[in-house]
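Below: the structure, in C-alpha cells.
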Amino acid sequence: MVKAEADDDAETAEDVEEEIPVVICAAAGRMGATMAAINSIYSNTDANIMFYVVGLRNTLTRIRKWIEHSKLREINFKIVEFNPVVLKGKIRPDSSRPELLQPLNFVRFYLPLLIHQHEKVIYLDDDVIVQGDIQELYDTTLALGHAAAFSDDCDLPSAQDIDRLVGLQNTYMGYLDYRKKTIKDLGISPSTCSFNPGVIVANMTEWKHQRITKQLEKWMQKNVEENLYSSSLGGGVATSPMLIVFHGKYSTINPLWHIRHLGWNPDARYSEHFLQEAKLLHWNGRHKPWDFPSVHNDLWESWFVPDPAGIFKLNHNS
C-alpha cells in the first residue's frame, strides 16, 4: 500500500505498529560487524524491525546460520541476494583501497530494487553500533521532494576532537576532481559540505520518482570513462556519485545519530561522555573495532555475537 503523499495526519489502525525496515549488508570477511550492528539495534528498541540482510550468493547460507544459531534467532529478517552483475562496467578497478570496490558498497544505490513494500527505509553500514532507539532515526523528517536524509560532515563534533582527525575530508573537494571539466560544469562550490552515506533514511516513492538509481549509475559510468573522483579517498567510491546526485536535495539527520570517524585514527579517542550521548557510532576508516589497532572497541565488543561456525574471530593483539 502506498500512502497518499502529504497526507501525514491520516493515521490508520495499521500505522500504529509500523514495521521499520533496516537494510544492512553482510560481507564475507566481516559478517561479525553486521551481526553486532543488528544485535545493538534489536536490543535498544521496542519497535517492530524488519532486517533486510543483503549478501552475495555464496554467503547467504552462512548469514542464515549465524542468525538462527545465535541469540539473534528472535529477530524478524529477510535475506536478500545482491547480484553484482548490475555493476558491470560501472566501477573503475584502480582504487587505492580495493575493499571499497566490494559490490556490497553499492547496495545503497539500489534500495528500491531490493525493498518493495516500504515507503521509508533505513540503510546502515555494517561497521556501526546503535545505542539509541532506532524508531527516533526512522522518525527523521524528510522535506517534501527529498528522497533521502544524511548526516552533514559540517555537523561534526567540537574542534578539540577534530584536531586529531587529520586529513579528514569534509567538503566536495575531497571527493571530486575539480580539475575535470565535467565536475567544474556541475557548478558546485568545492568548499560545499559533504555528507556521509553510511546512515541513510530514504523515501522510496521519491527515490523512484526522481530515478535516483539511474542517476547514480550515470555518474558511476561517467567516472569509468573520465576518472572524476579523487583516488585518494577514504570512502569516495560510493560517496562521490551520491554527493553529485543529492547535492542541495537532501534532508539532515540529527548529528547524534551518526557519530563517526571512530575508525579514522587509532590514537584519536572521543570523550566517554560524548560517546554515551551518541545514538549511533560509526567506525568508518581503516581501523575497524574487530581488528587491531582500533579505538573504543570495548563499546563495539559488548554487542558482538560470536560466530556459531567459529570462522569470524576478534583480532585484538598486536
- prompt: Please report, for the Cα atoms of segment 185-275, the Rg to one decimal and the Dmax as a whole number; what are they, in angstrom?
  reply: 15.5, 47
task: Using only the Cα atoms, work out Rg/Rh for segment 279-318, with Rh taken as the Kirkwood radius, to two decimals.
output: 0.97
- prompt: How many percent of DSSP beta bridges within the chain run antiparallel, rounded to 5?
  reply: 40
- prompt: Which value, in nm² and rounded to one decimal, describes the direction-averaged projected area of the C-alpha convex hull of segment 238-300?
  reply: 5.1
message: Can you report the principal axis dimensions of the chain using only the alpha carbons, biggest first, rounded to whole angstrom?
response: 56, 53, 41
- prompt: Highest mean first, what order results for 274-285, 126-137, 301-312 on Cβ atoms within 10 Å?
  reply: 126-137, 274-285, 301-312
task: For segment 26-159, give the percent of accessible area contributed by carbon and sulfur heavy atoms, probe 1.4 Å, rounded to a whole number.
output: 51
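The values are calculated or read from the model by the stated rules, or taken from the named source; none is laboratory data. A quick note: this is a predicted structure, and the numbers were derived from the prediction, not measured. Don't worry about glycine lacking a Cβ; one is built from the backbone with ideal geometry, like all the others, and counts go over all protein chains shown. Only protein heavy atoms, including side chains, enter the accessible area calculation; ligands, DNA and RNA are left aside. Shrake-Rupley method; radii C 1.70, N 1.55, O 1.52, S 1.80 Å.
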